[in-house]
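The values are calculated or read from the model by the stated rules, or taken from the named source; none is laboratory data. The model shown is predicted, which means the values in this text are computed figures rather than measured ones. Here the Cβ positions follow ideal geometry from the backbone for every residue, glycine too, while neighbour counts run over all protein chains shown. Just the protein is used for accessible areas: all its heavy atoms, side chains included, with ligands, DNA and RNA removed. Shrake-Rupley method; radii C 1.70, N 1.55, O 1.52, S 1.80 Å.
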Amino acid sequence: MNNAQHDTVMPADGSVPVTVAIPCFNGALTIGRALASVAAQTRRPAEVVIVDDASTDASRKTVRTLQQKHRNLPIRLQQLSTNRGPASARNTAWDRATQPYIAFLDADDSWHPRKLEIQHRFMRSHPEAVLTGHRLLYPGEPAPAPPPSRIAARRVGPHHLLFRNCLQPPSLMIATQAPYRFPAGRYHDEDALLVLRMACDGQPLYRLDAPLGSTHKPAFGGGGLRSDLGAMHRGQLETLRALRREGRLSRPITELAGLWFRAKHVRRRVLHGLRG
């Protein structure tokens, strides 16, 4: 059942009714690029909420400087007193969002200039959609051609997401009133658990076939939380256990997905070793 409510009234200033949520932990060197990509949007968001997850670098000072630089963006900074992880930081922004849609951007990623324009237009024209995502570019991939005027989109179900999570955080736009949150306290695979819970519940999730964002780190082993392959693997297995406990997955599917995750973990170990 779709419990989300969509407000289709456009702000008078031509922006889109979207809250941009940016969790930041020690992101002083990268958050400028992320915010610049928000400021460059063809349809700017109604608000930006940056949640500093108890950074130990100059992140807060940097954000204060960027607030002055990007005066055309209504940026709010929320500070957490203790480090709680990306899931809790995103939830903090979600709880404080004032707009009918919320879009997530990590402090070390960036967006295509038309990302909010295109994604909000799709969600506005598909009021049943609770969540949408899109393709992302990874390091080394060529810059994309301009998005076409008509972008294909397909509904994504739980079994597809189990074996290939194609809805990554920097691509997500969600109806703010959807009755879900990221699993608090989780540092790995927290995004997959969120979207899988929604998909298993029958919520309409869509993926737009256009690269509307870029992640500037490899899919695994490239620094940050993705550098700990063992923790990533344990996070995936915990996602399966949680969905099974909640009755959202059958035992056979849980066991099959567990075998797939173990094979994928071995492959990642091999590839990481070959890199260097």
Please state which of the following conditions Pro74 fails to meet, knowing it meets all the rest: (1) over 19 Å from the mean Cα position of the chain (by Cα); (2) surrounded by fewer than 19 Cβ atoms within 10 Å (Cβ to Cβ); (3) over 14 Å from Ala21 (Cβ atoms); (4) not acidic (Asp, Glu).
(3)
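Hey, can you tell me all the residues within the stretch 60-95 that are touching a helix residue (DSSP H, G or I) at 6+ places or on another chain (Cβ under 7 Å) and either hydrophobic (A, V, I, L, M, F, W, C) or not in a helix (DSSP H, G or I) (or both)? Please lay out each step first, then the result.
Filtering the stretch 60-95 down to residues touching a helix residue (DSSP H, G or I) at 6+ places or on another chain (Cβ under 7 Å) leaves 62-63, 66, 70, 72-73, 75, 77-80, 86-87.
Of everything in the stretch 60-95, those that are touching a helix residue (DSSP H, G or I) at 6+ places or on another chain (Cβ under 7 Å) and either hydrophobic (A, V, I, L, M, F, W, C) or not in a helix (DSSP H, G or I) (or both) turn out to be Val63, Leu66, His70, Asn72, Leu73, Ile75, Leu77, Gln78, Gln79, Leu80, Ala87.
Could you list all residues from the stretch 241-263 that are assigned to a helix (DSSP H, G or I) and open to solvent by 50 Å² or more (accessible area, probe 1.4 Å)? Reasoning before the result, please.
Within the stretch 241-263, the subset assigned to a helix (DSSP H, G or I) is 241-245, 251-263.
Within the stretch 241-263, Arg241, Arg244, Arg245, Arg251, Pro252, Glu255, Leu256, Leu259, Trp260, Arg262, Ala263 meet the criteria.
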With respect to Leu193, is the statement that it is under 27 Å from Asn83 (Cα atoms) and assigned to a helix (DSSP H, G or I) true?
yes
Quick check on my filter: what residues within the stretch 48-59 are in a strand (DSSP E or B) and over 8 Å from Arg76 (Cα atoms)?
Val51, Asp52
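Quick one: is Arg33 more than 15 Å from Ala184 (Cβ to Cβ), crowded, with 22+ Cβ neighbours inside 10 Å and in contact with a Ser or Thr (Cβ under 6 Å, 6 or more places away or on another chain)? Don't jump to the end; show me each part of the working.
On the way: more than 15 Å from Ala184 (Cβ to Cβ): yes; crowded, with 22+ Cβ neighbours inside 10 Å: no; in contact with a Ser or Thr (Cβ under 6 Å, 6 or more places away or on another chain): yes.
Answer is no for this residue.
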Look at the stretch 181-213 and say how many of its residues are touching an Asp or Glu at 6+ places or on another chain (Cβ under 9 Å), open to solvent by 30 Å² or more (accessible area, probe 1.4 Å) and modelled with pLDDT of 95 or more.
3
Would you be able to tell me the number of residues in the stretch 154-179 that are within 14 Å of the chain's Cα centre (by Cα) and either not hydroxyl-bearing (Ser, Thr, Tyr) or not in a helix (DSSP H, G or I) (or both)?
11
Within the stretch 119-135, considering residues that are surrounded by fewer than 20 Cβ atoms within 10 Å (Cβ to Cβ), touching a residue at least 60 places away in the same chain (Cβ under 8 Å) and not basic (Lys, Arg), the one nearest to Leu172 (Cα to Cα):
Phe122
Return only the number of the condition from (1) among the β-branched types (Val, Ile, Thr); (2) surrounded by fewer than 19 Cβ atoms within 10 Å (Cβ to Cβ); (3) part of a strand (DSSP E or B) that Ile151 does not satisfy.
(3)
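Considering only the stretch 96-119, state which residues are assigned to a loop (DSSP other than H, G, I, E, B) and either of a type outside the set (Asp, Glu) or more than 16 Å from the chain's Cα centre (by Cα) (or both).
First, pick out the residues of the stretch 96-119 that are assigned to a loop (DSSP other than H, G, I, E, B): 97-100, 105-108, 112-114.
Passing the criteria: Ala97, Thr98, Gln99, Pro100, Leu105, Ala107, His112, Pro113, Arg114.
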Count - residues of the stretch 87-107 that are surrounded by fewer than 23 Cβ atoms within 10 Å (Cβ to Cβ) and closer than 9 Å to Val18 by Cα
4
